[in-house]
Amino acid sequence: MAAKTLVVACVLILGLGIVTNGAPSPTQAYCKIVWLLGVPCDQVNMAIVTQVKAMGSYKLGPVTAALIQANHTSSVGQIESVNFTMMATAMSMGCHVEGLSVSAFWFSLLDNGTNYCNLHNVIQGSGLSKAPGFTEYTNEWLCLGLGLSACK
């Protein structure tokens, strides 16, 4: 029984390490979302870049085939760092996308889920949320303020 408990504990700790990889410090508000899409990553990349450019509150940063970086300026002038990381899935022509939005300060927890909305609005506006196989994975532990989000 003790060996089984040890194995379960190790798996949980390893899983937590994988899930929180690259997570910001506990003093920052953030949101991490994983999307699976049945669309090639080059098309996903193009759709995200096009949408970010079209949204006035975003400033596009460096873009590669695997990473899109941008900054978002909220209505109160706060700047959040927004990143989209892409990699092809084993499923033919699929793409695994990780979105991360990080605020400079903790008080973003009280702003109706700004970090969630930063990511959600790009994916929704780009039309990727209607792509074949679209699935979104996140929760309150990975996306602080998710339950408070009121995206516009």
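First measure r as the distance between the Cβ atoms of Ala90 and Met55, then evaluate 1/(1 + (r/R0)^6) with R0 = 30 Å and state the FRET efficiency to the nearest 0.05.
Efficiency for this residue pair is about 0.40.
For a footprinting-style exposure proxy, rank Lys59, Lys53, Lys32, Lys130 by other Cβ within 10 Å, fewest first.
With the sparsest Cβ surroundings first, the list reads Lys130, Lys53, Lys59, Lys32.
If segment 26-148 were replaced by its equivalent ellipsoid, with semi-axes equal to the square roots of 5 times the Cα gyration tensor eigenvalues, what would those be, largest first, whole Å?
Semi-axes from the Cα gyration tensor: 24, 16, 12 Å.
Run the reach check for Lys152 against aspartates and glutamates, Cα to Cα strictly under 19 Å, same-chain hits fewer than 8 apart removed. What comes back?
Glu80, Asp111, Glu136
Please give the contour-minus-distance gain from Val63 to Ser129: 0.36 nm per residue of separation, less the Cα-Cα distance, rounded to one decimal in nm.
Here the answer is 21.6 nm.
Treating only the Cβ atoms of Lys and Arg (+1) and Asp and Glu (-1) as charged, compute the dipole magnitude of segment 26-148 about its Cα centre; round to the nearest 20 debye.
Rounded to the nearest 20 debye, it is 200 debye.
Consider all pairwise Cα distances in segment 41-95 and report the whole-number % of them above 16 Å.
Result for the distance tail: 44 percent.
Stretched out fully, how many nm does the piece from Ser75 to Lys152 gain, at 0.36 nm a residue minus the Cα gap?
Gain on extension, Ser75 to Lys152, equals 26.5 nm.
Read the figures in this text as sums done on the coordinates, not as results from a lab. Treat the numbers as computed from the prediction; the structure is a model and nothing was measured. Because the Cβ atoms are built from the backbone with ideal geometry, glycine has one as well, and the counts that use them run over all protein chains shown.
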